Structures are given as C-alpha cells and as structure tokens.
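Beneath this line is the structure, given in structure tokens, with notes to follow.
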Amino acid sequence: MSDEFIEITKEEIEDIEKALKVNSDYKLKDSKFNIKTFEKGSDIVIIQYVANVENELVFATKEERGKYYISEIFDLFKDNIINGNVSRDVFQSVFTYFHDVIENPDEDFSDEKEELIGFLLLTEEYDESQLQIDLDPEKIRQEYSEDHDRIYSDDSLNKVEKSLALKELLHMSICQVVNDIDLYFTRPYDLTPEEHAFKNKQEEKALQNEVQLG
C-alpha cells in the first residue's frame, strides 16, 4: 500500500459513497466509504470488475485537522466510480500509453510508465521486471519504427494493406503486454472504414477456404 495521500473533500466522499451503491463495476468489500471510515483511518477495500476479472483494491485513509485523505492511487479510479463505468481498463490503459509514446517521440514518459506499471500491478498479476522492459518508451518506438520501415518498403502491399499491417503488429505488441490470449483475436481499435472492409474480405476468403477444405 502506498504511503502517499491525496486530499478528498467531504462532498467527494459523499458522492462516491452514493455512486458505490449503484455502480456495478465497483463494489465495497467489508468496508464503508464514509466520513467515519476516514476519521478512524481505516482501510477501504473495493472490488473492481473488469470483464470476467475481479480485482481487489485497497486504499488507506486518514483525517488530519478536519481534512480527509486517501491513497494517491485512488485518483485513478475516482472518475470511473462516479461515472459508472470502467473506462480505464487494463487494455485501454496500455493501448493509450503505446500510442502516446509513439506519437510523442521527444517526450519523457518516465512518470507515465511508472504510473501505468503501478496500475497494472494493482489490477492484475504481472511481473514488474517484465513490465519495465515491455513498457520502455525507447523499446516501443524502436520496434514500431522497424516494423514501419519493413512494411512500407514492401512494394507488394497497397496503401491500405500497409497501414493495416502496421496497426495489427502494434495491436499484437499491446496484447502481449496485457497477456490476454482472447485479445489476440480482436481487431485494433483504430481501423479506418477501408481497413475494416479489407479485413472483412480477408475473413470471408478464409472462411470460404475452410469450407472448401472441409
């Protein structure tokens, strides 16, 4: 548990207490989210539901001089609890990080990397040392650049095929970090209508070949 705290107002505590009563993605476990909990300095345990996975999240609380504080990591979940959905799930978090790193080659993502690793370690069973390697910004950029150069130097592919191939390779890299085999069979989030159409044709052709072979 982190020893770092952020301040939370009485109004926010009350809003989150109400939200937890109706939010199906987050449920309290053997604890209460109210002013008394903060005054006692008790831990708050929340179960987060992401797909078919239950993640147990533990947050420290305290009250000092009439102000209330909670573990800093809670800031990652506050908006999702109030809004009623898990917008920052594991895959989306890694997806956003990869794209931000690639699209901003001159920026330092050290803080974002450590924040993401902390989030992943909270929600899933990951190897921290492996995450340090897989989420290294220079590694991500270098592999993306190498894939880009290799694909775009292939004259046998048209413009749509090249763009689609690059996105699919990036998607595979993200899935490898997330380590969910089901995601390997999904399409990248950011396909254009032309790329979706091409994928549909690919899948139709593959299905026809399976029927003929059967």
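The values are calculated or read from the model by the stated rules, or taken from the named source; none is laboratory data. As the structure is a prediction and not an experimental result, all values here were calculated from the model. Cβ coordinates were reconstructed from backbone atoms using ideal geometry, including for glycine residues, and neighbour counts include every protein chain displayed. The area values use the complete protein model at the heavy-atom level, side chains included, leaving out ligands, DNA and RNA. Shrake-Rupley method; radii C 1.70, N 1.55, O 1.52, S 1.80 Å.
Hey, any idea what % of the stretch 89-172's accessible area is carbon plus sulfur with a 1.4 Å probe? Here it works out to 46 percent. In degrees from 0 to 90, rounded to the nearest 10, what is the angle of the helix 90-103 Cα long axis to the longest principal axis of the chain? Roughly 60 degrees between the two axes.
When nucleic acids and ligands are ignored and a 1.4 Å probe is applied, GLU168 ends up with an accessible area of around 60 Å².
Dimensions of the stretch 1-84 along the principal axes, based on C-alpha atoms and rounded to the nearest Å, stand at 41, 24, 21, largest first.
Compute the whole-percent fraction of alpha carbon pairs in the chain spaced more than 33 Å apart. Tail of P(r) above 33 Å: 33 percent of Cα pairs. Note on VAL160: accessible area is roughly 50 Å² with a 1.4 Å probe, heavy atoms of protein only.
How high is the FRET efficiency between ASP149 and THR96 when r is their beta carbon distance and R₀ equals 30 Å, given to the nearest 0.05? Taking R0 as 30 Å, the efficiency between ASP149 and THR96 is 0.75. Magnitude of the charge dipole for the stretch 6-50, about its Cα centre and with charges confined to Cβ atoms of Lys, Arg (+1) and Asp, Glu (-1), is about 260 debye. For LYS40, the lysines whose Cα falls under 24 Å of its own Cα, not counting residues fewer than eight places away in the same chain, are LYS10, LYS18, LYS21, LYS27, LYS29, LYS32, LYS62, LYS67, LYS78. Using the empirical formula 2.2 N^0.38 Å as the baseline, the Cα radius of gyration of the stretch 91-214 reaches a ratio of 1.21. Taking all protein chains together and rolling a 1.4 Å probe, ILE44 ends up with roughly 0 Å² accessible.
Find out how many positive minus negative residues lie around GLU203, taking Lys and Arg as positive, Asp and Glu as negative, among other residues whose Cβ is under 12 Å from that of GLU203. Walk me through the intermediate numbers first.
On the way: positive: ARG187, LYS199, LYS201, LYS205; negative: GLU204, GLU210.
Taking every other residue near GLU203 into account, the sum is +2.
To the nearest 10 degrees, how steep is helix 110-123 against the longest Cα principal axis of the chain, on a 0 to 90 scale? With both axes taken from Cα atoms, the answer is about 80 degrees.
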